[in-house]
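Q: Before anything else, here's the structure in question.
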Amino acid sequence: MAETLTALPESLFTQLQHENFVLLHTVDAESGSPTSSAISWIYAPDTGRLRFALDGRSRLIENLKARAEVSVTLFGAGSVHAVYGQAKVVADKLEGVPFPLACVDIEVSAVRDAMFYGARLSVQPEYEKTYDKRAADRLDGQVFEAMKKAQ
């Protein structure tokens, strides 16, 4: 994927139908400096939009409200991809989730291959949740179900 696209290619859209490890980049509302945060509650409702959940009390929510321009670093399809767009809080509190999570959409404006020349990503980053597996699975299910219903 050498050219800049305006929507997710099919391979990334398919990957984003399940929980993923991505990096969310915002501009800090107070300092104006770039920020990066790892998130996993993210999926693609369609090829032109990403949807994710964050703690509603998070500084990231204030960053997004102050400046909508964001990017997401996505690892997949043998490469590192930068997804750019405008973020908008869809719901301040997701229903059916045991703590206050906000739901955010990114309208995708560009997708580009961000891998350095002559390389291929051979293994996607992996992570494991360090708390009770059953509780994590139950919470993940609640969050993704609530995100799909948010309007």
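The values are calculated or read from the model by the stated rules, or taken from the named source; none is laboratory data. Since the structure is predicted, the reported quantities are computational estimates derived from the model, not experimental observations. Quick reminder, even Gly has a Cβ in these numbers, built from the backbone with ideal geometry, and neighbours come from all protein chains shown.
Q: Mind checking which residues of the range 109-132 are free of Cβ contacts under 8 Å to residues at least 12 places away in the same chain and surrounded by 10 or more Cβ atoms within 10 Å (Cβ to Cβ)?
A: A119, K129, D132
Q: A further question follows. Filter the range 115-139 for residues that are assigned to a loop (DSSP other than H, G, I, E, B), closer than 19 Å to I39 by Cα and aliphatic (A, V, I, L, M) and give the result.
A: V123
Q: So which of R67, R51, R57 is at pLDDT below 95 and over 24 Å from F116 (Cβ atoms)?
A: R57
Q: Hey, another quick one. Given the conditions (1) over 16 Å from L16 (Cα atoms); (2) within 14 Å of the chain's Cα centre (by Cα); (3) of a type in the set (A, V, I, L, M), report the number of the one that A136 does not fulfil.
A: (2)
Q: Checking the conditions here, which among S40, S11 is among the hydroxyl-bearing types (S, T, Y) and either touching a helix residue (DSSP H, G or I) at 6+ places or on another chain (Cβ under 7 Å) or farther than 18 Å from A114 by Cα (or both)?
A: S40 is the lone residue from the list that is among the hydroxyl-bearing types (S, T, Y) and either touching a helix residue (DSSP H, G or I) at 6+ places or on another chain (Cβ under 7 Å) or farther than 18 Å from A114 by Cα (or both).
Q: Report every pair of residues separated by at least 6 positions or lying on different chains whose Cβ atoms are under 7 Å apart, first residue within the range 53-72 and assigned to a helix (DSSP H, G or I), second surrounded by fewer than 17 Cβ atoms within 10 Å (Cβ to Cβ) and polar (S, T, N, Q).
A: L60/S37; N63/T35
Q: Which residue is surrounded by the fewest Cβ atoms within 10 Å (Cβ to Cβ), if the candidates are limited to the range 1-39 and must be closer than 22 Å to E145 by Cα and in contact with a Gly (Cβ under 7 Å, 6 or more places away or on another chain)?
A: So the residue we want is Q15.
Q: Here is a further query. List every residue pair whose Cβ atoms lie under 6 Å apart, where the two residues are 6 or more positions apart in sequence or sit on different chains, the first residue falls within the range 88-108 and is part of a strand (DSSP E or B), and the second residue, located anywhere, is among the polar types (S, T, N, Q).
A: Qualifying pairs under 6 Å: E107/Q86.
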